[in-house]
Amino acid sequence: VTVSAQKKSEEIKILTSAQCGQCKDRIEKMMAYEKGVMKSNLNLEDKVLTVTYNPGRTSPDKIRKAVNSVGYDADNSKADEKAYSKLADCCKKPEDRQFDHSGHNH
């Protein structure tokens with residue numbers, strides 16, 4: 001009888017509220033320290049964070065909560081309000097910005 005090896009990694013795609021390169025850096029850096037996360041990449045065009053993780057060490061819910069903890073929405077899980085309030089204006093959702101940054105690039 002052969003026993004199939006347990007999957008060592010799984011991939012999840014999470015829709016975030018990231019806005020700019022600063023957001024990408026912040027989320028990817030935080031993911032690098034998240035237990036069980038092997039790699040992550042945030043695509044700014046569609047705001048989707050792709051995470052490769054060890055399912056024995058973390059879960060999609062824990063990963064979403066980690067994204068929330070630095071101030072970003074993750075799928076239907078809302079950003080931590082305190083963390084969101086500390087983000088730079090350019091990292092906030094367009095409807096929450098105090099200044100118009102149209103055409104402003106990082």
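The residue pairs whose first member lies in the stretch 37-49 and is assigned to a loop (DSSP other than H, G, I, E, B), whose second member is among the β-branched types (Val, Ile, Thr), and whose beta carbons are closer than 7 Å, counting only pairs six or more residues apart or on different chains, are Lys47/Thr16.
Taking the residues in the stretch 45-59 that are open to solvent by 30 Å² or more (accessible area, probe 1.4 Å) and more than 11 Å from the chain's Cα centre (by Cα) as candidates, determine which candidate is farthest from Leu87 (Cα to Cα). So, considering only residues that are open to solvent by 30 Å² or more (accessible area, probe 1.4 Å) and more than 11 Å from the chain's Cα centre (by Cα), the one farthest from Leu87 (Cα to Cα) is Gly56.
Residue-by-condition table, conditions (1) out of contact with any Lys or Arg (no Cβ under 8 Å at 6 or more places or on another chain); (2) buried (at least 19 other Cβ atoms within 10 Å of the Cβ); (3) closer than 16 Å to Glu10 by Cβ:
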{"position": "Asp25", "(1), (2), (3)": "yes, no, no"}
{"position": "Val37", "(1), (2), (3)": "yes, yes, yes"}
{"position": "Asn41", "(1), (2), (3)": "yes, no, yes"}
{"position": "Ser69", "(1), (2), (3)": "yes, no, no"}
{"position": "Asp80", "(1), (2), (3)": "yes, no, no"}
{"position": "Ser85", "(1), (2), (3)": "yes, no, no"}
{"position": "Glu95", "(1), (2), (3)": "yes, no, no"}
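Kindly indicate which of Asp46, Asp80, Asp100, Asp75 is among the acidic types (Asp, Glu) and at pLDDT below 95. That would be Asp100, the only listed residue that is among the acidic types (Asp, Glu) and at pLDDT below 95. When only residues in the stretch 7-23 that are within 9 Å of the chain's Cα centre (by Cα) and of a type in the set (A, V, I, L, M) count, which is most open to solvent (accessible area, probe 1.4 Å)? For the stretch 7-23, the residue satisfying everything is Leu15.
The values are calculated or read from the model by the stated rules, or taken from the named source; none is laboratory data. As the structure is a computational prediction, the values presented were derived from the model and not from experiment. Every residue, glycine among them, receives a Cβ derived from its backbone with ideal geometry; neighbour counts consider all protein chains shown. Each accessible area value is taken on the protein alone, full model and side chains, heavy atoms only, with ligands, DNA and RNA left out. Shrake-Rupley method; radii C 1.70, N 1.55, O 1.52, S 1.80 Å.
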